Each structure stands twice: as C-alpha cells, then as structure tokens.
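I have placed the structure first, in the form of structure tokens, so that the comments after it can refer back to it.
Read-outs throughout are calculated quantities, based only on the coordinates presented, and are distinct from any laboratory measurement. Everything numeric in this text was worked out from a predicted model, so none of it was measured. Here the Cβ positions follow ideal geometry from the backbone for every residue, glycine too, while neighbour counts run over all protein chains shown.
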Amino acid sequence: MKKAILFVIFLSFFTLLGANYLIDVYHKDYGMIDRTVLVLASKPQYSILQHEGDIQINFTNCRKDATIRNIKIPDSKVLQAFDFLVTEDKVTIIITINQARQLITGEMYQLETLELKGEVFKLVFDIFTTKNPKTVEELKSFASFYEMTGKKDLVAKYKSIAEKLEAEQVFLVQEDSTAQPEATLQKQRQVFRPQSFFEKLKSTMSTKMLIILALGLILITVVIIILILLLKKKPEPEFEEKSLRFTKGFGDEEFQKRMVLKLAENGWDSEEIAKELELHLEDVHRMRGIDLDEDLERI
C-alpha cells in the first residue's frame, strides 16, 4: 500500500513538472514475433522512424528511469538489442532488428503498434519477421502469439494449418520407409556377373582419371581464391582504426546535429561530444559549424 502511494506521488510530481516519464521497457519473444511494451506515466508526444535494420522511437519532453539500461538480445530471431539515448528533455529508443531472415528471403519485418491507456500509458510494438509463416515451427509460433493476445480465430487458423502440414510430413516419411525394402529387394534380384579383365582395367583407369581431375580442379580453385584475395581492395573500415569504435552515431543526421549543439551549449568540447555520440570528430565540427584549426587553438 505504501509503495502504491509513493508511486502515485512520484507520477504526480513529474506531471506537475510538465514532463512525461519512461517507467519500464519489456518484451516477450514468440519465435517469429516479438511483442515489446514501453510503459510511461502518461501518453507522450512521440514519433516512430522505421529503417531496414532498426526502429527508432523519439519521446519529447520526457525523462527515463535510471534503472533502464541498454539490452543485448543474443538468441532472438526478431531482435538484437535495445539502446537508449537521453538528453534533458528527450528520450530516444533504438530497437535493432535481427536481419538474418531478411537477408535470405528479402522480406522486410512488419510492425504493428497499439496504445493501451490506464493508470499508466503503454505503447505496444508487435514486430513480425514475416507475415507468411510456412513451416510447422513458424505456424506454431503465430498460434502461440495470437493465443496470448486473445485472438481465438487466428489461433484456430494457424493451429489447423500446422497440424495438416505436420500430418503430410509424417505421411511422406512413412511412404519413403515402406518403399525402401522394395528397392533393396530389387537390388538383390539382380544377377551377379563377374567383371572381365578389361572391365577391371577400364574401371581402374577411370578412377585414376577422376582423382587427377579432382586434384586439378582443387588446385585451380585454390589459385583463383589466392588471386582474388591478393587483388581484392581492402574495404574502408566503418570503425576508427585506433579505437575500433563505431562512428555512425544514433538516429538520423538532424537528430545528431541537435544533440551536438545541445552538448556544446553545456560546455562539452568536440572530442567529448564525438565519443559520447559515437561520431567522427570531423562530423562534430561540421555540425557545430566551427573550423578544426579554431578548435585546436582553443585547446
């Protein structure tokens, strides 16, 4: 009871300040689908940007609970990580998508959003790696997800398709197992005829020729691979060679520029800003609109 009273007082305090508050972030994995829930004190002002590899949610006039940290998700077929970037009055959440299936099929993930209002506000993201499940495992994954969300008609649909597909696979395995003994019997019925001297010589010569050809192909393949590796141009690294630090930063360029200027106003120098936002130092100078020589003179 005391905790509930303190929680209400806490929410009221931030409401009076005029700022929203990100209370919690959690998700549930259903194999081919992930449901992510963002919990806030009240309905926020927000925007959602979808890219091939991530989803970016921007909350304005908002703060974040200090216990919410960046999260890596190693075993999910849908997501890879949650990253949070916070300024004085803005919270940005970047949900990184697992693109393994997308690279194979060329099918981009699908996003569905839902708002739930109550004592707290919940922004729900349902992220699908595909909308067309084909295997038994994928169909069962969809049935499990819709069973959790209470959509009984879709549960019945996907369970029925999965059961039919599973029965067909069992039938094919059984049919194959019954066909094997007949094939074995046919082989046994073949009349054994000993090879003549010339047939044995021909067989031996063919085997030697095949071995020589195989070795020749392997040698040619190795030479081609070596030439490709020697001639291949070394790609330009995406990371700084000294620190191996990622330098593309978070969000789009407009958001990065606002962050650079915000931190500069608070007394951060260019090098500190570059490290904090994971950007090239030259990009920070360009966004600040100052010359590199002038910055070095101030240092």
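Of all DSSP beta bridges confined to the range 84-146, the antiparallel ones make up roughly 100%. Across the range 32-111, the fraction of Cα-Cα pairs farther apart than 18 Å, rounded to a whole number, is 44%. Please give me the summed charge of the neighbours of Gln80: other residues whose Cβ is under 15 Å from its Cβ, Lys and Arg +1, Asp and Glu -1. Net local charge, Gln80 excluded: -3. Highest mean packing first, where packing is the average number of other Cβ atoms within 10 Å per residue, the peptides 77-85, 208-216, 33-41 line up as 33-41, 77-85, 208-216.
Dipole magnitude for the range 11-100: about 180 debye, using +1 per Lys or Arg Cβ and -1 per Asp or Glu Cβ, origin at the Cα centre. Note on Tyr26 and Val222: the extension gain reaches 65.6 nm, defined as 0.36 nm multiplied by sequence separation minus the Cα-Cα distance.
Distance between the modelled labels on Glu272 and Arg288, one decimal in nanometres: 1.1 nm (7 Å Cα→Cβ projection).
When you count the other C-beta atoms within 10 angstrom of each residue and take the mean per peptide, 134-140, 56-62, 225-231 line up highest first as 56-62, 134-140, 225-231.
Peptides 145-152, 269-276 ranked from most to least packed give 269-276, 145-152, packing being the mean of other C-beta atoms within 10 angstrom over each peptide's residues. Translational diffusion of the range 33-187 was estimated from the Stokes-Einstein equation, with Rh taken as the Kirkwood radius over Cα pairs; at 20 °C and 1.002 mPa s the coefficient is 115 µm²/s. The residues packed around Phe128, meaning those with a beta-carbon under 9 Å from its beta-carbon, carry a net charge of -2 if Lys and Arg are +1 and Asp and Glu are -1.
Taking a sphere under 14 Å around the Cβ of Arg63 and counting the other residues whose Cβ falls inside, with K and R at +1 and D and E at -1, yields a net charge of -2.
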